[in-house]
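A short write-up of the structure that comes next.
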Amino acid sequence: KNSLFGFWALDQIVPMDRLRESQTGMKRTMLFWSQLDSEKGRESLAKLCKDPPRGALSVCCAVHALLRVSGKRIHWKAAEQMMADPDVFLAEMKAYNPYAIPAYVHQSFEHTLTLPYFDYDRMVDRSYALACLGSWVIAAVQSWKEAKQMVPLEAAARRADAAVAAAAASFAEAKKLPE
């Protein structure tokens, strides 16, 4: 019975919550996505397509690279096509998965992230949509970096979950044995 006493605590253990939920980058991507999905954001997106301010192409290239998993630079016509249907565009942004982005995509636009076009405070007066998109890119890159760090932790969490489940099954089997 003493050897089984340690397993009593296993009944109290709930499988580990996924670590992805703690990522601040993903939370920030959703914040900027929700700002773009607002009435003000949609109006600003439409205006951005018609009259792009300086820096719009740099930001849209980065957004395109992340959403389409591409390391290629694009022209403004491709950026306009990407944002032509706001519902589809916003759905793509919402479905962004940092785990699916290879390093070459990030490297294709990494040098542009220091430009002022990615600074929300500087861009919000020129274009609300561009400020949100630039900030979304910064948050998406942060979530990509967090995702790279999370892969080994999630693998360890899955192994721990499996060990807890095996120990709980063993304990349940031991409970069934006659004394």
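Starting from the Cα of K145, draw a straight line to each of the lysines and keep only those under 27 Å, dropping any in the same chain fewer than 8 residues away.
The reachable lysines, counting only those whose Cα sits under 27 Å from K145, are K27, K72, K94.
In whole percent, and with a 1.4 Å probe on the protein chains, what portion of the accessible area of the range 109-179 is carbon and sulfur?
Ligands and nucleic acids excluded, carbon and sulfur reach 58 percent.
Amide H neighbours of L113 under 5 Å, counting only residues 5+ apart in sequence or on other chains, H built in-plane at 1.01 Å?
Answer set, sorted by chain and number: none.
The range 61-75 to the range 76-92: how many Å between their Cα centroids?
If you average the Cα positions of each part, the centres end up 12 Å apart.
If you roll a 1.4 Å probe over the heavy atoms of the protein chains, what accessible area per residue do you get for the range 35-108, in Å²?
That works out to 53 Å² for each residue.
Using the Karplus curve 6.51 cos²θ - 1.76 cosθ + 1.60 with θ = phi - 60°, what ³J(HN,Hα) values do you get for each residue of the range 106-118, in whole Hz, with x for Gly and Pro?
4, 5, 5, 10, 4, 5, 8, 5, 8, 5, x, 5, 9
Within 10 Å, count the other beta carbons around each residue, average over each peptide in 84-95, 138-149, and list them highest first.
Final packing ranking: 138-149, 84-95.
In whole Hz, what ³J(HN,Hα) sequence does the range 63-70 give by Karplus (6.51, -1.76, 1.60; θ = phi - 60°), x for Gly and Pro?
4, 4, 4, 6, 6, 9, 6, 9
May I ask you to derive the relative contact order of the range 61-105, considering only C-alpha pairs under 8 Å and at least 6 residues apart, and to give it as an integer percent?
Once divided by the residue count of the range 61-105, the mean separation gives 50 percent.
With Cβ to Cβ distances under 13 Å as the rule, what net charge do the other residues near R28 carry (K, R +1; D, E -1)?
Local net charge: +1.
The values are calculated or read from the model by the stated rules, or taken from the named source; none is laboratory data. All values derive from a computational prediction rather than experimental measurement. Note that we place each Cβ from the backbone using ideal geometry, even for glycine, and neighbour counts take in every protein chain shown. Surface accessibility is based on the protein's heavy atoms, side chains included, excluding ligands, DNA and RNA. Shrake-Rupley method; radii C 1.70, N 1.55, O 1.52, S 1.80 Å.
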